[in-house]
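Worksheet: one structure, shown below.
The values are calculated or read from the model by the stated rules, or taken from the named source; none is laboratory data. A quick note: this is a predicted structure, and the numbers were derived from the prediction, not measured. Neighbour counts run over all protein chains shown; Cβ positions are idealised from the backbone, glycine included.
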Amino acid sequence: MGGGTGGEALAFWVREPGAGEIRRSTLPGRRPDEVIVRTLRSGVSRGTESLVFSGRVPRSQHDAMRAPFQDGDFPGPVKYGYLNVGVVEDGPSRLLGRTVFCLHPHQTAYVVPATAVTVVPDDVPVARAVLAGVVETAVNALWDAGPLVGDRVAVVGAGAVGCSVARLLARIPGVTVTLVDVDPGRAPVATTLGADFALPDRAEGGRDLVFHTSATSAGLQASLELLAAEGTVIELSWYGDAATSVSLGGAFHSGRLAVRASQVGTVSPARRGRRTTGDRLALALELLRDPAFDCLLTGESPFETLPDVMPRLVSRTLPALCHAVTYDTVEVPCSA
């Protein structure tokens, strides 16, 4: 692929809801303002990618849910994903040979504008760097919420996003954070992240803030019930086409409770005038110098097995927080 002449790559596609396949694609020739990246690792964002793989993106959200370098359309065939770490094999001298993060689907190599990649700090391991998009979501959520020193906070849903939110909160002086999940096996993860842990029926209420990430009606209901008067739930869940029900009786009106959506597609209004999406992603990579995030890396499999692995991740027969895809056994086919 050297010399900007293009070449070939392999990519994972959702052929139709519930079925994936590996496809060969031709890379375009590199323009002067572009880079050719060879993928080292990618990550499966299980919540969103499960909805995409299952064909559950609502028609009204087809445009809003497009990934930056998606090919095809929902429900399929579609090439989707946004957690990719690779090495620049051709491009501007300042990027040549650098390890970079890109919001690109699962693919062995790709050509993108140089502005679409962010350099990974030298002391952030490649394996951990795949979490950049997840931590970026957590950064945006904290910008939306504006937690204060001394706040009592709960995070309902101990998936990769919820755990990342908990870790960032735990680093704020005086903040007490409890990770709430139905799986007691998440307790050791919470300890590593510097948070307390509770099952939903054991979680202590009176919280100034609650971040909800479980994508279930029960989780949203529990989040509201954990709030102190005039507290706020920051809703990070994406439900796809699933109906959501919640009871707004009880303390919802008398306590003047609030539910606010947080969505990573744009920078939080609290920082939009002073930060770009590039700034936010660079900050996420800086925060990944923290080795505590390694506990979110709970499995990996070779790229060529993705058509078999993705259904298992979606059905949760293969449990994972962030499942990594490795590329070291893949031979990238190149044109002569």
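Just a yes or no: is a residue in segment 265-288 closer than 24 Å to Gly55 by Cβ and of a type in the set (Asp, Glu)? Steps first, please.
If we filter segment 265-288 for residues that are closer than 24 Å to Gly55 by Cβ, which is where we start, we get 265.
Now restrict to residues that are of a type in the set (Asp, Glu): none.
For segment 265-288, residues closer than 24 Å to Gly55 by Cβ and of a type in the set (Asp, Glu): absent.
Residue-wise test of (1) among the aliphatic types (A, V, I, L, M); (2) farther than 25 Å from Asp308 by Cβ; (3) over 22 Å from the mean Cα position of the chain (by Cα).
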{"site": "Ala11", "(1), (2), (3)": "yes, no, no"}
{"site": "Val37", "(1), (2), (3)": "yes, yes, no"}
{"site": "Gly43", "(1), (2), (3)": "no, no, no"}
{"site": "Leu51", "(1), (2), (3)": "yes, no, no"}
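Report those helices (runs of 4 or more DSSP H) wholly inside segment 173-280 carrying at least 3 residues which are of a type in the set (S, T, N, Q), crowded, with 22+ Cβ neighbours inside 10 Å and not assigned by TED's automatic domain parsing to the domain that holds Leu321.
By residue number, no helices (runs of 4 or more DSSP H) qualify.
From the set of residues in segment 219-252 that are of a type in the set (Gly, Ala, Ser), within 22 Å of the chain's Cα centre (by Cα) and modelled with pLDDT of 95 or more, which is nearest to Ser50 (Cα to Cα)?
Taking segment 219-252 and keeping what is of a type in the set (Gly, Ala, Ser), we get 219, 222-223, 228-229, 231, 237, 240, 242-243, 245, 247, 249-251.
After this cut, where a residue has to be within 22 Å of the chain's Cα centre (by Cα) as well, the list is 219, 223, 237, 240, 242.
Among the residues that remain, those that are also modelled with pLDDT of 95 or more are: 219, 223.
On the way: Gly219: 18, Ser223: 23 Å.
Only one residue tops the list, namely Gly219.
Which pairs do you get when a residue that is touching a residue at least 24 places away in the same chain (Cβ under 8 Å), found in segment 207-227, comes within reach of a residue that is among the aromatic types (Phe, Trp, Tyr) and part of a loop (DSSP other than H, G, I, E, B), reach meaning Cβ atoms under 6 angstrom, with the pair 6+ apart or on two chains?
That search, which allows pairs on different chains as well, returns Ala215/Tyr239.
On the given criteria, is Val124 assigned by TED's automatic domain parsing to the domain that holds Ile22, without any contact (Cβ under 8 Å) to a residue 60 or more places away in the chain and outside any helix (DSSP H, G or I)?
Criteria not met by Val124.
Please identify the pairs in which a residue from segment 51-76 that is basic (Lys, Arg) has its Cβ atom under 9 Å from the Cβ atom of a residue that is modelled with pLDDT of 95 or more and assigned to a loop (DSSP other than H, G, I, E, B), counting only partners at least 6 apart or on another chain.
If the second residue must be modelled with pLDDT of 95 or more and assigned to a loop (DSSP other than H, G, I, E, B), the pairs left are Arg56/Pro17; Arg56/Pro75; Arg59/Phe74; Arg66/Asp73; Arg66/Phe74; Arg66/Tyr80.
Limited to segment 323-336, what total is found for residues that are crowded, with 16+ Cβ neighbours inside 10 Å, at pLDDT below 95 and in contact with a helix residue (DSSP H, G or I) (Cβ under 9 Å, 6 or more places away or on another chain)?
Here the count works out to 1.
Counting only residues that are of a type in the set (Val, Ile, Thr) and crowded, with 17+ Cβ neighbours inside 10 Å, which one in segment 110-130 is farthest from the chain's Cα centre (by Cα)?
Looking at the filtered set, the residue picked out is Val111.
Among the numbered conditions (1) farther than 30 Å from Gly231 by Cβ; (2) in contact with a Gly (Cβ under 7 Å, 6 or more places away or on another chain), tell me where Asp308 comes up short.
Asp308 satisfies all of (1) farther than 30 Å from Gly231 by Cβ; (2) in contact with a Gly (Cβ under 7 Å, 6 or more places away or on another chain) except (2).
Among Asp290, Asp308, which is the only one that is of a type in the set (D, E, K, R), surrounded by fewer than 17 Cβ atoms within 10 Å (Cβ to Cβ), over 24 Å from Asp63 (Cα atoms) and free of Cβ contacts under 8 Å to residues at least 24 places away in the same chain? Step through it out loud before you land on a result.
Values: Asp290 fails: free of Cβ contacts under 8 Å to residues at least 24 places away in the same chain.
Being of a type in the set (D, E, K, R), surrounded by fewer than 17 Cβ atoms within 10 Å (Cβ to Cβ), over 24 Å from Asp63 (Cα atoms) and free of Cβ contacts under 8 Å to residues at least 24 places away in the same chain holds for just one of Asp290, Asp308, which is Asp308.
Does segment 17-58 hold any residues that are among the hydrophobic types (A, V, I, L, M, F, W, C) and under 26 Å from Ala242 (Cβ atoms), and which are they?
Going through segment 17-58, the residues among the hydrophobic types (A, V, I, L, M, F, W, C) turn out to be 19, 22, 27, 35-37, 40, 44, 51-53, 57.
Selection gives Ala19, Val44, Leu51, Val52, Phe53, Val57.
Looking at the structure I just gave you, is Ala292 over 16 Å from the mean Cα position of the chain (by Cα), within 22 Å of Phe211 (Cα to Cα) and part of a helix (DSSP H, G or I)?
Answer is yes for this residue.
Does Ala166 count as under 22 Å from Ser50 (Cβ atoms), in contact with a strand residue (DSSP E or B) (Cβ under 8 Å, 6 or more places away or on another chain), among the aliphatic types (A, V, I, L, M) and surrounded by fewer than 16 Cβ atoms within 10 Å (Cβ to Cβ)? Working first, answer last.
Working: under 22 Å from Ser50 (Cβ atoms): yes; in contact with a strand residue (DSSP E or B) (Cβ under 8 Å, 6 or more places away or on another chain): yes; among the aliphatic types (A, V, I, L, M): yes; surrounded by fewer than 16 Cβ atoms within 10 Å (Cβ to Cβ): no.
Against the criterion (under 22 Å from Ser50 (Cβ atoms), in contact with a strand residue (DSSP E or B) (Cβ under 8 Å, 6 or more places away or on another chain), among the aliphatic types (A, V, I, L, M) and surrounded by fewer than 16 Cβ atoms within 10 Å (Cβ to Cβ)), Ala166 does not qualify.
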